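Notes follow the structure.
The values are calculated or read from the model by the stated rules, or taken from the named source; none is laboratory data. All of these numbers come straight from a predicted model, not from anything done at the bench. No Cβ is skipped: glycine too gets one built from the backbone with ideal geometry, and neighbour counts run over all protein chains shown.
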Amino acid sequence: MFDDKILAKAARVIDACRDAGLLMVTAESCTGGLLTGVLTAIPGSSDVVDRGYITYSLHGKIEMLGVPAQMLAEQGAVSAPVARAMVGGALARSLPRAALAVAITGIAGPGSTSSTKPAGLVYLAVAQEGRGILEEKHEFGDIGRHEVRMASVEAALDLILKRLE
C-alpha cells in the first residue's frame, strides 16, 4: 500500500517521537487517514500514535476539532488558518496525553471547483506543546488524486521530522 520511501520516513517519525517521549495525534482531511495508516504500519507505532481525526467534511472540522464555522466560511476548508485551527484543535483535545499534532487539508483533485484553489493545493501544520506551530503550503499540481494524497503524506512526515530533529 505504501512505498518503501514513505515507510522509511514513517519509521523515522516513530523513532524520533519515541526518542523524545512524545505521543502524537493526526488531523486529516484530503488524505482521509493515509498519514495515520502509514504511521501505524510501522511496528511499535502504538508507543507514539495516540489517535487520528479524519475530518473530511466541514462539520467534522467544526465538531471534532473546534474549527470555527466563520473561519471555514471566510477562508474555505483549504487554507493556512484552517490548517492551524485543525492542528490546534487536535492538540487541545488530546492533551495531556499527546503533545505533538499534525494536520493536513487540501484539494486532491482531479480538478477543483474553485478558481483560486487548484487541485494539488495542500496546507500542512505541525504543533508541539510549548513550541508553537510550523506550517507549509504545497502546490503539487493536478497530478492525480492518489499522487496528491501520497505527496501530502510524505510532506507531512517531512514536516514532523523538521519539528523533531
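Brief remarks on what is shown
- Filtered residues of the stretch 61-70 (kept if within 18 Å of G33 (Cβ to Cβ) and surrounded by fewer than 16 Cβ atoms within 10 Å (Cβ to Cβ)): E63
- Total residues in the stretch 104-142, condition exposed (fewer than 15 other Cβ atoms within 10 Å of the Cβ) and of a type outside the set (D, E, K, R): 9
- Given (1) surrounded by fewer than 19 Cβ atoms within 10 Å (Cβ to Cβ); (2) in contact with a Ser or Thr (Cβ under 7 Å, 6 or more places away or on another chain), index of the condition R93 fails: (2)
- Exactly one residue out of V102, V82, V49, V78 is in contact (Cβ under 8 Å) with a residue 40 or more places away in the chain, under 15 Å from L157 (Cβ atoms), out of contact with any Pro (no Cβ under 8 Å at 6 or more places or on another chain) and not small (G, A, S), and it is V102.
- Pair list, Cβ under 6 Å, 6 or more apart: the stretch 113-135 residue closer than 16 Å to A151 by Cβ and modelled with pLDDT of 95 or more, other residue acidic (D, E) and surrounded by 12 or more Cβ atoms within 10 Å (Cβ to Cβ): A119/D142; G120/D142; L124/E136
- R12 satisfies every condition listed in (1) buried (at least 19 other Cβ atoms within 10 Å of the Cβ); (2) farther than 21 Å from R145 by Cβ except (1).
- Screening A83, A73 for residues that are touching a strand residue (DSSP E or B) at 6+ places or on another chain (Cβ under 7 Å) and among the aliphatic types (A, V, I, L, M) leaves exactly one candidate, A83.
- When residues in the stretch 127-165 are screened for being within 17 Å of V87 (Cα to Cα), part of a helix (DSSP H, G or I) and basic (K, R), 2 of them pass.
- Any hit, the stretch 56-72, residues being closer than 19 Å to A156 by Cα and among the β-branched types (V, I, T): no
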